[in-house]
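Any read-out appearing in this document is the output of simple, stated calculations on the displayed coordinates, not a laboratory observation. Note that the structure is predicted; figures quoted are calculated from it, not measured. Here the Cβ is made from the backbone with ideal geometry for all residues, glycine too, and neighbour counts use every protein chain on show.
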Protein chains: 2
Amino acid sequence: MKIGELARESGLAPSRIRFYEREGLIGSIDRGLNGYRQYSRGTRQVLEIIVMAQQAGFSLDEIRNLLPPHGKGDWSRDTLVAALKTKVVEVAALRHRLAETQAGLEAVIARIEATPPGGDCFENAEAVLADLRDHAKAG
Amino acid sequence: MKIGELARESGLAPSRIRFYEREGLIGSIDRGLNGYRQYSRGTRQVLEIIVMAQQAGFSLDEIRNLLPPHGKGDWSRDTLVAALKTKVVEVAALRHRLAETQAGLEAVIARIEATPPGGDCFENAEAVLADLRDHAKAG
DNA sequence: CTTGACCTTAAAGTTTACTTTAAGGTTAGG
DNA sequence: CCTAACCTTAAAGTAAACTTTAAGGTCAAG
C-alpha cells in the first residue's frame, strides 16, 4: 500500500503521514525499489489511534510516549501482546479523559438550564464552577 | 480589581487576559484614571468558562461565537446550551467507539494469550489485524 | 526621591501541528 | 515518447494561541 492509498483510507493528507513519520509517531517503514513507502495495514490502525488521541486532547508529544516503541519489525507473540496491551491502556486513558469532559459539559448544561431565564448568569456561574471542580476532582 | 489580581485569581497570565481582550473574547472594560484596567468579579467567571470550553475542545473562535455579545448580563442561553449539547453528543459518540475498540483489543489479547506458545506468530498477527479491521468498520 | 512592583502599548517571538513549495524521480495509459 | 498522476526530499510557509520584549508610565514604601 503506497502513501496515497493510505491517505485516502485514513482520511489524512500524505504530508501529514510523512510528518508523523518524521516526528517518530509511526516507525519508518519498508520502501520499494523505487524508494516509495510501502505500508502495512497496521499503519492505518496506528493513524486512527493518533487521530482519536488528538481529538481527546493529547498532544503529539504525549501520543508519542503513549504508543509502543516501533523499531523492530520483529513481532514475537509477546511483543504483539505487549503492543496491544499498550493500546488498551491508551484507549482506556482516552475514555477516562472523555468521561471527564462529558461530565463537565453536562454539569454546565444542567446548571444553565436550571437558571430562570431572567436570572443573573454570574450569580449561578459560581455554582457551575463549583460543580465543575467537584467533577474534576471526582474524575 | 487590576489585571495582576485577576491573573492570580484565575491562574491565567496577564498577557493571556489582554490577548483575550484583543481577540474579543472578553469585552473591553473600565479603565482607571491612570489607564489601568479595572475588572469586575464577573470577568473571572468568564475566564473560567473560556478555559473550560477550551478543555472541551472548543477553539477560541468557537468560544467567541458562544459567548454573549459584550453588551452585558445575559448571553443567548439557548445558543450556548445548544452548542454544549452538540459537543456532548460528539464526545459521547467518541467514547462509545473507544469502548468498542477497547473491548475488541481485550478480546484479541485474551485469544492470543490462550494460544499455545508453539503457534505461528504471524498467523496470529494476521488474524489480529483482520479482527482490528472488522472492528474498525463495525464501530 | 529613588527603588521596585506594578501597569501600558505595539511588535516580535514561540510552539504545535501541520501544509505548501520547489525541484525532481517513477509509473501507467494513449 | 509523452503526459498525467503518482512518488521523493528539504525547506519554507501558515494558523492558532499565546508569550516575550522593548520602551515607557504609575504608585506605595523607605
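For the reader, a short list of remarks on this structure follows.
- Computed 3J(HN,Hα) for the stretch A:31-39, one whole-Hz value per residue from the Karplus formula 6.51 cos²θ - 1.76 cosθ + 1.60 where θ = phi - 60°, is 10, x, 4, 7, x, 5, 5, 10, 9, glycine and proline marked x.
- Ranked by the mean number of other Cβ atoms within 10 Å of their residues, highest first, the peptides A:35-47, B:16-28 come out as A:35-47, B:16-28.
- Scalar couplings 3J(HN,Hα) for the stretch B:81-88, obtained by applying the Karplus form with A = 6.51, B = -1.76, C = 1.60 to θ = phi - 60°, are 4, 4, 5, 5, 5, 4, 5, 4 Hz; x denotes Gly and Pro.
- Sites A:Asp30 and B:Ser40, calculated FRET efficiency, Cβ-Cβ separation with R0 45 Å, nearest 0.05: 0.15
- Diffusion of the stretch B:1-75 by Stokes-Einstein, at 4 °C in a medium of 1.567 mPa s and with Rh set to the Kirkwood radius over alpha-carbon pairs, works out to 102 µm²/s.
- Per-residue ³J(HN,Hα) for the stretch B:11-25, Karplus 6.51 cos²θ - 1.76 cosθ + 1.60, θ = phi - 60°, Hz, x for Gly and Pro: x, 9, 5, x, 4, 5, 5, 4, 4, 5, 5, 4, 7, x, 7
- Distant-in-sequence amide contacts of A:Gln38, defined by a placed amide H-H separation under 5 Å and a gap of 5 or more residues or a different chain, comprise A:Asp30, A:Arg31, A:Gly32.
- Between B:Arg8 and B:Glu113, residue separation times 0.36 nm minus the direct Cα-Cα distance comes to 32.5 nm.
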